[in-house]
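Step one of this worksheet: look at the structure below.
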Amino acid sequence: MSSFVFREIKKFNPHIKIGVICTKQNAYLFKQNPYIDQLYYVKKKSILDYIKCGLAIQKEQYDLVIDPTIMIRNRDLLLLRLINAKHYIGYPKANYGLFNINLEGQFHFSELYKLALEKVNITVQDISYDIPFDKQSAVEISEFLQKNQLEKYIAINFYGAARIKKVNNDNIKKYLDYLTQVRGGKKLVLLSYPEVTEKLTQLSADYPHIFVHPTTKIFHTIELIRHCDQLISTDTSTVHIASGFNKPIIGIYKEDPIAFTHWQPRSRAETHILFYKENINELSPEQIDPAWLVK
(Lines give C-alpha, C1' and ligand atoms only; values in the text may rest on other atoms or scores of the structure.)
Protein backbone atom coordinates (compact mmCIF):
# COMPACT_ATOMS: atom_id res chain seq x y z
CA MET A 1 0.00 0.00 0.00
CA SER A 2 3.06 2.27 0.06
CA SER A 3 3.63 1.65 -3.65
CA PHE A 4 2.71 5.21 -4.60
CA VAL A 5 5.76 6.45 -2.67
CA PHE A 6 8.21 5.11 -5.25
CA ARG A 7 6.19 6.54 -8.13
CA GLU A 8 5.84 9.98 -6.52
CA ILE A 9 9.56 10.22 -5.68
CA LYS A 10 10.50 9.48 -9.29
CA LYS A 11 7.85 11.90 -10.52
CA PHE A 12 9.43 14.59 -8.33
CA ASN A 13 12.96 13.76 -9.47
CA PRO A 14 13.66 10.75 -11.73
CA HIS A 15 17.34 10.81 -10.79
CA ILE A 16 16.76 9.98 -7.11
CA LYS A 17 17.94 6.44 -6.39
CA ILE A 18 15.42 4.30 -4.50
CA GLY A 19 16.47 1.19 -2.59
CA VAL A 20 14.20 -1.16 -0.66
CA ILE A 21 15.20 -3.54 2.13
CA CYS A 22 13.19 -6.77 2.00
CA THR A 23 13.44 -10.53 2.35
CA LYS A 24 13.61 -12.91 -0.60
CA GLN A 25 10.17 -14.13 0.50
CA ASN A 26 8.47 -10.76 -0.05
CA ALA A 27 10.71 -9.48 -2.85
CA TYR A 28 8.01 -10.35 -5.40
CA LEU A 29 6.15 -7.23 -4.22
CA PHE A 30 8.99 -5.02 -5.43
CA LYS A 31 10.89 -6.83 -8.21
CA GLN A 32 8.70 -5.61 -11.05
CA ASN A 33 8.25 -2.07 -9.76
CA PRO A 34 9.79 0.22 -12.40
CA TYR A 35 10.46 2.96 -9.87
CA ILE A 36 12.70 0.91 -7.57
CA ASP A 37 16.38 0.90 -8.47
CA GLN A 38 17.75 -1.72 -6.10
CA LEU A 39 16.61 -4.36 -3.63
CA TYR A 40 18.63 -5.31 -0.56
CA TYR A 41 17.87 -8.73 0.91
CA VAL A 42 18.03 -9.65 4.58
CA LYS A 43 17.43 -12.99 6.25
CA LYS A 44 14.89 -12.75 9.03
CA LYS A 45 16.29 -13.21 12.54
CA SER A 46 19.92 -13.31 11.32
CA ILE A 47 21.86 -10.56 13.10
CA LEU A 48 24.97 -11.32 11.03
CA ASP A 49 23.02 -10.91 7.80
CA TYR A 50 21.54 -7.64 9.04
CA ILE A 51 25.05 -6.34 9.76
CA LYS A 52 26.30 -7.38 6.31
CA CYS A 53 23.32 -5.75 4.66
CA GLY A 54 23.70 -2.51 6.62
CA LEU A 55 27.40 -2.23 5.77
CA ALA A 56 26.72 -2.93 2.10
CA ILE A 57 24.05 -0.22 1.93
CA GLN A 58 26.36 2.18 3.79
CA LYS A 59 28.66 2.18 0.75
CA GLU A 60 25.81 3.54 -1.38
CA GLN A 61 25.70 6.73 0.74
CA TYR A 62 21.94 7.17 0.93
CA ASP A 63 20.67 10.59 1.96
CA LEU A 64 17.41 9.44 3.54
CA VAL A 65 15.95 6.37 5.26
CA ILE A 66 12.20 6.13 5.90
CA ASP A 67 11.02 3.67 8.55
CA PRO A 68 7.28 4.02 9.25
CA THR A 69 6.96 0.80 11.26
CA ILE A 70 5.23 1.19 14.62
CA MET A 71 7.45 -1.38 16.34
CA ILE A 72 11.17 -1.62 15.71
CA ARG A 73 13.36 -4.53 16.82
CA ASN A 74 16.95 -4.20 17.96
CA ARG A 75 18.24 -5.90 14.81
CA ASP A 76 16.27 -3.44 12.66
CA LEU A 77 17.68 -0.52 14.61
CA LEU A 78 21.21 -1.89 14.17
CA LEU A 79 20.70 -2.26 10.42
CA LEU A 80 19.39 1.28 10.05
CA ARG A 81 22.23 2.71 12.12
CA LEU A 82 24.81 0.93 9.97
CA ILE A 83 23.37 2.48 6.80
CA ASN A 84 24.65 5.82 8.14
CA ALA A 85 22.26 7.96 6.11
CA LYS A 86 22.17 11.73 6.46
CA HIS A 87 18.54 11.76 7.56
CA TYR A 88 16.14 9.26 9.15
CA ILE A 89 12.35 9.60 9.23
CA GLY A 90 10.56 7.49 11.84
CA TYR A 91 7.05 6.93 13.20
CA PRO A 92 6.59 7.30 16.12
CA LYS A 93 10.22 7.24 17.22
CA ALA A 94 10.92 10.47 19.09
CA ASN A 95 12.66 8.45 21.82
CA TYR A 96 15.26 7.09 19.40
CA GLY A 97 18.24 9.35 18.81
CA LEU A 98 18.78 7.91 15.33
CA PHE A 99 15.66 9.54 13.86
CA ASN A 100 16.09 13.25 13.27
CA ILE A 101 12.64 13.59 11.67
CA ASN A 102 9.78 12.09 13.65
CA LEU A 103 6.13 11.76 12.63
CA GLU A 104 3.48 11.96 15.34
CA GLY A 105 -0.28 11.44 15.36
CA GLN A 106 -2.77 8.89 14.07
CA PHE A 107 -2.83 8.48 10.30
CA HIS A 108 -3.88 6.06 7.65
CA PHE A 109 -0.61 4.60 6.41
CA SER A 110 -1.01 6.15 2.97
CA GLU A 111 -1.24 9.56 4.65
CA LEU A 112 1.78 8.69 6.78
CA TYR A 113 3.96 8.03 3.73
CA LYS A 114 2.68 11.20 2.09
CA LEU A 115 3.60 13.20 5.20
CA ALA A 116 7.06 11.59 5.29
CA LEU A 117 7.80 12.72 1.74
CA GLU A 118 6.44 16.19 2.37
CA LYS A 119 8.78 16.51 5.38
CA VAL A 120 11.68 16.43 2.89
CA ASN A 121 9.91 18.75 0.43
CA ILE A 122 8.87 16.05 -2.05
CA THR A 123 5.48 17.01 -3.45
CA VAL A 124 2.95 14.16 -3.55
CA GLN A 125 0.30 14.55 -6.22
CA ASP A 126 -1.38 11.13 -6.12
CA ILE A 127 -1.65 8.55 -3.31
CA SER A 128 -3.47 5.90 -5.33
CA TYR A 129 -1.90 2.44 -5.08
CA ASP A 130 0.18 0.84 -7.81
CA ILE A 131 -0.98 -2.80 -7.86
CA PRO A 132 1.73 -5.31 -8.90
CA PHE A 133 1.06 -7.10 -12.20
CA ASP A 134 2.31 -10.41 -13.56
CA LYS A 135 1.41 -11.22 -17.17
CA GLN A 136 1.53 -15.01 -16.82
CA SER A 137 -0.69 -14.96 -13.74
CA ALA A 138 -3.14 -12.70 -15.56
CA VAL A 139 -3.35 -15.22 -18.41
CA GLU A 140 -3.85 -18.14 -16.01
CA ILE A 141 -6.67 -16.39 -14.15
CA SER A 142 -8.30 -15.30 -17.39
CA GLU A 143 -8.34 -18.95 -18.52
CA PHE A 144 -9.80 -20.03 -15.15
CA LEU A 145 -12.56 -17.43 -15.36
CA GLN A 146 -13.43 -18.34 -18.95
CA LYS A 147 -13.45 -22.07 -18.22
CA ASN A 148 -15.91 -21.60 -15.34
CA GLN A 149 -17.91 -18.82 -17.01
CA LEU A 150 -17.09 -16.43 -14.19
CA GLU A 151 -18.01 -12.98 -15.43
CA LYS A 152 -19.67 -11.69 -12.25
CA TYR A 153 -18.66 -13.04 -8.86
CA ILE A 154 -17.91 -12.14 -5.26
CA ALA A 155 -14.38 -12.98 -4.06
CA ILE A 156 -14.10 -14.15 -0.44
CA ASN A 157 -10.99 -14.44 1.72
CA PHE A 158 -11.60 -16.43 4.90
CA TYR A 159 -7.99 -16.38 6.07
CA GLY A 160 -6.02 -13.50 7.54
CA ALA A 161 -2.35 -13.80 8.49
CA ALA A 162 -2.95 -14.16 12.25
CA ARG A 163 -4.76 -17.09 13.84
CA ILE A 164 -7.52 -14.84 15.19
CA LYS A 165 -8.26 -13.79 11.60
CA LYS A 166 -8.83 -17.30 10.24
CA VAL A 167 -12.42 -18.50 9.89
CA ASN A 168 -12.79 -22.12 11.05
CA ASN A 169 -14.25 -24.87 8.87
CA ASP A 170 -17.66 -24.95 10.55
CA ASN A 171 -18.09 -21.22 10.14
CA ILE A 172 -16.92 -21.27 6.53
CA LYS A 173 -19.76 -23.69 5.80
CA LYS A 174 -22.18 -21.36 7.59
CA TYR A 175 -21.02 -18.41 5.50
CA LEU A 176 -21.38 -20.41 2.28
CA ASP A 177 -24.89 -21.51 3.28
CA TYR A 178 -25.92 -17.99 4.24
CA LEU A 179 -24.52 -16.29 1.15
CA THR A 180 -26.10 -18.93 -1.06
CA GLN A 181 -29.44 -18.36 0.68
CA VAL A 182 -29.44 -14.55 0.42
CA ARG A 183 -27.81 -14.24 -3.00
CA GLY A 184 -29.13 -17.36 -4.71
CA GLY A 185 -27.00 -18.32 -7.66
CA LYS A 186 -24.47 -15.48 -7.36
CA LYS A 187 -21.12 -17.03 -8.11
CA LEU A 188 -18.45 -16.97 -5.41
CA VAL A 189 -14.70 -17.46 -5.71
CA LEU A 190 -12.87 -18.44 -2.52
CA LEU A 191 -9.37 -16.97 -2.38
CA SER A 192 -6.81 -19.57 -1.43
CA TYR A 193 -3.13 -20.41 -1.03
CA PRO A 194 -1.47 -23.84 -1.32
CA GLU A 195 -1.97 -24.84 2.33
CA VAL A 196 -5.76 -24.33 2.21
CA THR A 197 -6.74 -25.01 -1.41
CA GLU A 198 -7.68 -28.64 -0.82
CA LYS A 199 -9.63 -27.77 2.33
CA LEU A 200 -11.60 -25.01 0.59
CA THR A 201 -12.27 -27.27 -2.38
CA GLN A 202 -13.73 -29.90 -0.06
CA LEU A 203 -15.80 -27.38 1.92
CA SER A 204 -17.30 -25.93 -1.27
CA ALA A 205 -17.77 -29.22 -3.14
CA ASP A 206 -21.56 -29.28 -2.67
CA TYR A 207 -22.07 -25.77 -4.09
CA PRO A 208 -22.08 -25.68 -7.91
CA HIS A 209 -21.81 -21.88 -7.94
CA ILE A 210 -18.71 -21.70 -5.71
CA PHE A 211 -15.21 -22.01 -7.16
CA VAL A 212 -11.66 -22.31 -5.81
CA HIS A 213 -8.63 -21.49 -7.93
CA PRO A 214 -5.46 -23.49 -7.08
CA THR A 215 -3.60 -20.30 -6.26
CA THR A 216 0.17 -20.52 -5.88
CA LYS A 217 1.19 -16.84 -5.83
CA ILE A 218 -0.10 -13.44 -4.80
CA PHE A 219 -0.46 -12.39 -8.44
CA HIS A 220 -3.24 -14.98 -8.87
CA THR A 221 -5.06 -13.38 -5.95
CA ILE A 222 -4.54 -9.91 -7.40
CA GLU A 223 -6.10 -10.95 -10.70
CA LEU A 224 -9.06 -12.66 -9.02
CA ILE A 225 -9.74 -9.44 -7.10
CA ARG A 226 -9.22 -7.32 -10.22
CA HIS A 227 -12.07 -9.14 -11.98
CA CYS A 228 -14.49 -9.57 -9.03
CA ASP A 229 -17.65 -7.56 -8.39
CA GLN A 230 -16.97 -7.34 -4.64
CA LEU A 231 -14.54 -8.57 -1.99
CA ILE A 232 -15.42 -9.99 1.43
CA SER A 233 -12.24 -10.37 3.47
CA THR A 234 -10.70 -10.72 6.91
CA ASP A 235 -7.24 -10.12 5.43
CA THR A 236 -5.85 -6.59 5.32
CA SER A 237 -3.60 -7.15 2.31
CA THR A 238 -6.45 -8.30 0.08
CA VAL A 239 -8.64 -5.46 1.34
CA HIS A 240 -6.00 -3.00 0.15
CA ILE A 241 -5.67 -4.74 -3.20
CA ALA A 242 -9.43 -4.31 -3.60
CA SER A 243 -9.09 -0.67 -2.51
CA GLY A 244 -6.49 -0.18 -5.23
CA PHE A 245 -9.04 -1.38 -7.77
CA ASN A 246 -11.84 0.62 -6.08
CA LYS A 247 -13.96 -2.49 -5.56
CA PRO A 248 -16.94 -2.70 -3.21
CA ILE A 249 -15.65 -4.21 0.04
CA ILE A 250 -16.97 -5.92 3.14
CA GLY A 251 -13.98 -5.86 5.47
CA ILE A 252 -13.72 -7.76 8.74
CA TYR A 253 -11.45 -6.19 11.35
CA LYS A 254 -10.47 -6.68 14.98
CA GLU A 255 -11.92 -4.01 17.25
CA ASP A 256 -8.79 -1.88 17.53
CA PRO A 257 -9.35 1.83 16.75
CA ILE A 258 -5.66 2.64 16.30
CA ALA A 259 -4.97 -0.29 13.95
CA PHE A 260 -8.16 0.45 12.03
CA THR A 261 -7.09 4.08 11.58
CA HIS A 262 -3.85 2.83 10.03
CA TRP A 263 -5.23 0.03 7.87
CA GLN A 264 -8.84 0.78 6.98
CA PRO A 265 -9.83 0.43 3.30
CA ARG A 266 -9.74 3.49 1.08
CA SER A 267 -11.87 2.26 -1.82
CA ARG A 268 -14.03 4.86 -3.54
CA ALA A 269 -16.68 2.15 -3.95
CA GLU A 270 -19.24 1.17 -1.30
CA THR A 271 -17.50 -0.22 1.78
CA HIS A 272 -18.86 -1.91 4.92
CA ILE A 273 -16.96 -3.02 8.02
CA LEU A 274 -17.65 -5.71 10.63
CA PHE A 275 -15.69 -5.75 13.89
CA TYR A 276 -14.93 -8.62 16.28
CA LYS A 277 -13.45 -8.31 19.78
CA GLU A 278 -10.97 -11.19 20.06
CA ASN A 279 -11.50 -13.72 17.28
CA ILE A 280 -13.22 -13.59 13.91
CA ASN A 281 -15.20 -16.72 14.75
CA GLU A 282 -17.23 -14.65 17.23
CA LEU A 283 -19.11 -13.26 14.22
CA SER A 284 -22.02 -14.94 12.51
CA PRO A 285 -22.72 -14.76 8.76
CA GLU A 286 -26.07 -13.11 9.47
CA GLN A 287 -24.18 -9.97 10.51
CA ILE A 288 -23.54 -9.38 6.82
CA ASP A 289 -26.56 -7.37 5.73
CA PRO A 290 -27.94 -8.77 2.45
CA ALA A 291 -28.26 -5.17 1.24
CA TRP A 292 -24.45 -4.90 1.36
CA LEU A 293 -24.00 -7.65 -1.22
CA VAL A 294 -23.76 -6.82 -4.89
CA LYS A 295 -26.31 -8.47 -7.16
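With respect to ASP37, determine if the residue is surrounded by 12 or more Cβ atoms within 10 Å (Cβ to Cβ) and free of Cβ contacts under 8 Å to residues at least 12 places away in the same chain. No; evaluated as a whole, the condition is false for this residue.
Criterion first (under 20 Å from SER128 (Cα atoms) and surrounded by fewer than 21 Cβ atoms within 10 Å (Cβ to Cβ)) does GLU282 satisfy it? No.
Sort through LEU98, LEU115 and tell me the only one that's in a helix (DSSP H, G or I), in contact with a Gly (Cβ under 9 Å, 6 or more places away or on another chain) and surrounded by fewer than 18 Cβ atoms within 10 Å (Cβ to Cβ). Steps first, answer last, please.
Values: LEU98 fails: in a helix (DSSP H, G or I).
Checking each option against the conditions leaves just LEU115.
Do you know which residues across the stretch 84-95 are buried (at least 19 other Cβ atoms within 10 Å of the Cβ) and farther than 17 Å from GLN58 by Cβ? Passing the criteria: ILE89, GLY90, TYR91, LYS93. Selection over the stretch 3-17 of residues that are surrounded by 18 or more Cβ atoms within 10 Å (Cβ to Cβ) and either assigned to a loop (DSSP other than H, G, I, E, B) or under 20 Å from the mean Cα position of the chain (by Cα) (or both) gives a count of 6. For beta carbons closer than 6 Å, sequence separation of 6+ or different chains, a first residue in the stretch 6-23 that is farther than 25 Å from ARG81 by Cα and a second that is acidic (Asp, Glu), the qualifying pairs are ARG7/ASP130. Among the conditions (1) at pLDDT 90 or above; (2) buried (at least 16 other Cβ atoms within 10 Å of the Cβ); (3) part of a loop (DSSP other than H, G, I, E, B), GLU60 misses just one, which is (2).
The values are calculated or read from the model by the stated rules, or taken from the named source; none is laboratory data. Computed from a predicted model, the values in this text were never measured in an experiment. Reconstructed Cβ throughout: ideal geometry from the backbone, glycine too, with neighbour counts over all protein chains shown.
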